[in-house]
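Report on one structure; see the data block that follows.
The values are calculated or read from the model by the stated rules, or taken from the named source; none is laboratory data. What you see is a predicted model; the values in this text were computed from it and never measured. Positions of Cβ are backbone-derived with ideal geometry, glycine not excepted, and every protein chain shown enters the neighbour counts. Areas reflect the complete protein model, heavy atoms only, side chains present, ligands, DNA and RNA absent. Shrake-Rupley method; radii C 1.70, N 1.55, O 1.52, S 1.80 Å.
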Amino acid sequence: MKLRSQELRKIAPELDPLRLGTGWKPEDLSKPQIMIESTFGDSHPGSGHLLELVEEARAGIAEAGGRGARYFTTDICDGEAQGHDGINYSLVSRDMIANMIEIHANATPFDGGVFIASCDKGMPAHLMGVGRVNIPSIVVTGGVMDAGPDLLTLEQIGKYSAMYERGEITEEKLTYYKHNACPSCGACSFMGTASTMQIMAEALGLMLPGSALMPATSPDLREAARQAGKQSVWLAEHDLTPDKIVTLKSFENAIMVHAAISGSTNSLLHLPAIAHEFGIEIDGDTFDRLHRGAHYLLNIRPAGEWPAQYFYYAGGVPTIMEEIKDMLHLDVMTVTGKTLGENLEDLKKNGFYEKCDAYLAKTGLKRQDVIRPFEKPFGTDGSIAVLYGNLCPDGAVVKHTVVPKEMFEATLKARPFDCEEDAIRAVLTHEIKPGDAVIIRYEGPKGSGMPEMFYTTEAIASDGELGASIALLTDGRFSGASKGPAIGHISPEAASGGPIALVEEGDLIEVNIPKRILRIIGVAGEKKTPEEIEKILAERRRCWTPRPPKYEKGVLKIFSEKAVSPMKGGYMD
């Protein structure tokens, strides 16, 4: 097979001297050339350690007869961006990282790539980049941080912060929690977006089997990075490109795994955006269809008891896949050059499960304490539901595994707010009462970049009374760590003139998760017929005035102009 790098050397005579000036040796020039793309940087714990994995991958590439070249596009941290306008840059950063991967891969000839990331936007961005550039590729994930004292994990800080604001704990206690929640590098130790998307990368067939969500402090992760480097050379030599691996069946497998782990709602933004790069169309209905009847098995926070490092100890993605094997397409190809079914059989023979069992034994837990058997699930309807109605004609998303049962069917009084800051103030000052529907709008992709409503959801979920008696409805999104009665991605969004922009104080909102309904059923506390509601909304629309764009320059201006609906993936079209 002719390597792309060697073909381009013939037509670009500057390539060789420029490589040599970068430290390559003459004998390196004819080797398979592998780009190592990562989000390494001092931006946050999920990326601060990735250079170690880059170097392991580079060593593996060299051992396999290739030459690795390091490229970096550092991501931001959603946690550090919370509580201020920085969070508005979160979703757009995904698309910008993918753009830089495209630039890096296509401006310079490479025969393959190793893609290394850990976190909320870096992970889906790299998967989007893999689909877009379509060179032989393998993904390495940066793993998960250790839990702190008494298994303290970062997603609990929002709860403790709200408790402090309400005077329920001291400032000293809050400071202790803040100083001990992140004891190591790695993604946050709960099944948030970062952990979910690491798992999705393996479920799509783009990682070495069993390597997703390893503890970042484990030598196993470094060995996985080295082996991935070796495998990248094999992929390049065999021209096994991502489009020969990732198909609609691969995405269906990933969504079935997503249901089993109660994955982040942000996956409904990221998987459709990744699929789009592969020329495959999936949407909210795909998730809802596959989640119906799916068994939810994972006992990891925020829906479960244990920190995310225990996921690997229990056998990780392979254990999940073994439990839901009958629901998976076992004939899909993977980066090993073997099918998913063949990989699962190999893991049983190579000591993978015995190694994981040894780690788990140190915790005093059994495998089924972390990943339940298929026949003993926590639930049998997956974890995600997509709702429809006159409030969300194009859909809305709820993670029903973290919603109190009292809120599965409810009629609530609308309390609309045009930004999150006003909403959280109303929650913390007890202006919000049981039976209210807190509506936060103009926070979608076109409105403000689609930030997370993390602090508001934590303030509600940590309130013993409100957590089981109100709902939060928004055209924004939520952290993967969010718990409680939160429904997001309401589409069309308010900035596009969606019905959420027309809601007024005192409207009656029906929430019915089992029937997948979210709709306006009354005005000023009085129920109306569907026909009457339709006429009222039409009149309100006639009087509604679009808001001027929030951003007049920069990347958020571009994003607000180009972003598609959240239910399509929120990517820039």
>> Every residue in region 543-573 that is surrounded by 15 or more Cβ atoms within 10 Å (Cβ to Cβ) and among the small types (Gly, Ala, Ser), please.
In response: SER560, ALA563, SER565, GLY569, GLY570
>> Being open to solvent by less than 20 Å² (accessible area, probe 1.4 Å), touching a Cys at 6+ places or on another chain (Cβ under 8 Å) and more than 30 Å from GLU102 (Cα to Cα) is the filter here; which residues of region 145-173 pass it?
In response: GLY148, THR153, GLU155
> Of these, VAL317, VAL332, which one is open to solvent by less than 30 Å² (accessible area, probe 1.4 Å) and under 29 Å from MET145 (Cβ atoms)?
Replying inline: VAL317
> Which ones in region 394-407 are under 24 Å from the mean Cα position of the chain (by Cα) and surrounded by fewer than 18 Cβ atoms within 10 Å (Cβ to Cβ)?
Replying inline: PRO404
>> Which numbered condition in (1) open to solvent by 10 Å² or more (accessible area, probe 1.4 Å); (2) farther than 17 Å from SER211 by Cβ is the only one that ASP346 fails?
In response: (2)
> Which helices (runs of 4 or more DSSP H) does region 284-386 wholly contain that include 3 or more residues that are of a type in the set (Asp, Glu)?
Replying inline: 340-349
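Answer yes or no as to whether SER184 is farther than 18 Å from SER47 by Cβ, touching a Pro at 6+ places or on another chain (Cβ under 8 Å) and either open to solvent by less than 40 Å² (accessible area, probe 1.4 Å) or of a type in the set (S, T, N, Q) (or both).
no
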>> Of the conditions (1) out of contact with any Cys (no Cβ under 8 Å at 6 or more places or on another chain); (2) of a type in the set (Ser, Thr, Tyr); (3) under 30 Å from CYS182 (Cβ atoms), SER232 satisfies every one except a single condition; which number is it?
In response: (3)
> Can GLY284 be described as open to solvent by less than 30 Å² (accessible area, probe 1.4 Å), in contact with a helix residue (DSSP H, G or I) (Cβ under 7 Å, 6 or more places away or on another chain) and at pLDDT below 95?
Replying inline: yes
> Inside region 368-391, can you point out the residues that are open to solvent by 60 Å² or more (accessible area, probe 1.4 Å), farther than 15 Å from ALA294 by Cβ and either among the aliphatic types (A, V, I, L, M) or in contact with a Leu (Cβ under 8 Å, 6 or more places away or on another chain) (or both)?
Replying inline: TYR388
> Would you pick out the residues in region 240-258 that are in a loop (DSSP other than H, G, I, E, B) and open to solvent by 30 Å² or more (accessible area, probe 1.4 Å)?
Replying inline: THR247
> Within the bounds of region 99-113, is there any residue that is in contact with a helix residue (DSSP H, G or I) (Cβ under 8 Å, 6 or more places away or on another chain), within 26 Å of MET191 (Cα to Cα) and not basic (Lys, Arg)?
Replying inline: no
> open to solvent by less than 70 Å² (accessible area, probe 1.4 Å) and either assigned to a strand (DSSP E or B) or not β-branched (Val, Ile, Thr) (or both), is that true of ARG9?
Replying inline: yes
>> With in contact with an Asp or Glu (Cβ under 9 Å, 6 or more places away or on another chain), under 30 Å from GLU420 (Cα atoms), modelled with pLDDT under 95 and among the acidic types (Asp, Glu) as the only criterion, which of ASP78, ASP85 stands out?
In response: ASP78
> For region 103-124, what are the residues that are under 18 Å from ALA212 (Cβ atoms) and free of Cβ contacts under 8 Å to residues at least 60 places away in the same chain?
Replying inline: LYS121
> Any idea which of MET35, MET1 is part of a loop (DSSP other than H, G, I, E, B) and either open to solvent by 30 Å² or more (accessible area, probe 1.4 Å) or touching a residue at least 12 places away in the same chain (Cβ under 8 Å) (or both)?
Replying inline: MET1
>> I need every pair where a residue in region 59-81 that is at positive phi has its Cβ under 9 Å from the Cβ of a residue that is surrounded by fewer than 23 Cβ atoms within 10 Å (Cβ to Cβ), sequence separation at least 6 or different chains.
In response: GLY65/LYS31; GLY65/GLU237
>> Consider region 377-407. How many of its residues are out of contact with any Phe, Trp or Tyr (no Cβ under 6 Å at 6 or more places or on another chain) and over 18 Å from LEU268 (Cβ atoms)?
In response: 6
> If you go through region 266-281, how many residues are open to solvent by less than 10 Å² (accessible area, probe 1.4 Å) and assigned to a loop (DSSP other than H, G, I, E, B)?
Replying inline: 1
> So, of the residues in region 516-542 that are exposed (fewer than 13 other Cβ atoms within 10 Å of the Cβ) and among the aliphatic types (A, V, I, L, M), which turns out to be nearest to the chain's Cα centre (by Cα)?
Replying inline: ALA538
> List pairs: first in region 339-353 and modelled with pLDDT under 95, second surrounded by 13 or more Cβ atoms within 10 Å (Cβ to Cβ) and outside any helix (DSSP H, G or I), Cβ under 9 Å, 6+ apart or cross-chain?
Replying inline: none
>> Given the options MET191, MET214, MET207, MET197, name the one that is in contact with a Pro (Cβ under 6 Å, 6 or more places away or on another chain), within 21 Å of MET321 (Cα to Cα), open to solvent by less than 20 Å² (accessible area, probe 1.4 Å) and not aromatic (Phe, Trp, Tyr).
In response: MET197
